[in-house]
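Computed from the coordinates by the stated procedures, all read-outs in this text should not be read as laboratory data. Every value quoted in this text rests on a predicted model; they were computed, and no experiment measured them. Don't worry about glycine lacking a Cβ; one is built from the backbone with ideal geometry, like all the others, and counts go over all protein chains shown.
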Amino acid sequence: MNIAILAFDGCLTSSVLGLADLLWMASLSAERQRARARTRHSQPPQPPLPQAQPLIRSFVVSIDGKPLLDGRGRSLPVDAGLQDLPALDAVLLPGLVADSGGNTAHHSSIDLAGPWLRKQHAHGVMLGASCAGVFVLGQAGLLNDRRCTTTWWLHEELVQRFPKSRAQWASGLVDDDRVVSVGGPMSWVDLGLYTIGQLLGPEVATETANFAVIDNTPLTQAVYAPKRFIEQATPFLLDAEQAVRASGAGFTAVKLARSLAVSERTLHRKLKTSAGESPKLFISRIRFESAKTLLASPGSSIKRVALHCGYEDEGSFRRAFNRFSGMTPAAYRDWANKRKSPLEIAKPPI
């Protein structure tokens, strides 16, 4: 397997080198599994020699093969340029730091990568990006009419710059026809493990995660995003959010439009433009955010939280909450209550 890690000036060094290390560990895990398989079939184990070609070869790549400057202005060596690469199985795009003007992934070298990325995808290569690296896929036109995600605090910018994308706010990982996107500066871990699972199988991905002591089941970003983050962007969204929070059971898009004194069509257009969501999804997400707060409060029963957030029965609340968070309300409450600062965890028992 040949995997290129395509980096640009302003990249996150941890994302570039971390992916390279994770893929190296995956290659070792795959070799160990092969050795165990040979043993089970009564064949003498034949561990690879140190100089043997690994199962996964990863290349840190720049457009022209020249060293890069990372997001902190430090020199980052690369292995090759685009013209030096063998046939690839995947191309991974690490996260990027915004420039001094606050622009995300918006310099000329990224434009140069567009035709090459489109050609790779057309030839069956998997493309993956983490955090602001997703914007590189957008500039290449690879997000048009595709589901995608990015870091929760970059969602609005992604929607504005690439309106043809089907951006999903706070999703953990999205794969739409071999175009994979994940969110968060450290989400390269999830991208790497997903790539390993797709190319070498879930067993290798799991063994790699266990060896590295990392979780190979990422949570949706929605459990981390601060409440009302998107709604603070525009007064209309803030008014809509307040209307949903003040509502009870049976609150629909029709009622939301009436409370905001707009037509249903205008409501749908404004929510799609500003938040990338339909009215129904917007209402469900606001209720989910309210439920997160209540579930983390001591003494709150799941039934009471469901009624407070506008659900007529506990079952529908559980299903809706699981769609957003990837876990049940009870599991989320346990997870939220167990989260402690590193200092608290490090304290010795009294």
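Points worth noting:
- Among V213, V134, sorting on how many other beta-carbon atoms sit within 10 Å of each Cβ, with the fewest leading, yields V213, V134.
- Taking 0.36 nm per residue of sequence separation and removing the Cα-Cα distance, the S108/S75 pair yields an extension gain of 10.0 nm.
- Cα-only radius of gyration and Dmax that characterise the range 226-338, units Å: 14.1, 44
- Percent RCO, i.e. relative contact order, over the range 226-338, from Cα pairs under 8 Å lying at least 6 residues apart: 23 percent
- Beta-bridge orientation, the range 2-222: approximately 30 percent antiparallel, per DSSP, counting only bridges with both partners inside.
- Options P279, S247, A336, ranked by Cα towards positive dipole end of the range 226-338, top entry (Cβ charges): P279
- Estimated inter-spin distance, A37 and E264, nm [label 7 Å along Cα→Cβ]: 5.5 nm
- Using a simple spin-label model with pseudo-atoms 7 Å out from Cα toward Cβ, A246 and K272 lie 2.8 nm apart.
- Projecting label points 7 angstrom from Cα along Cα→Cβ for W335 and W153 puts them 2.0 nm apart.
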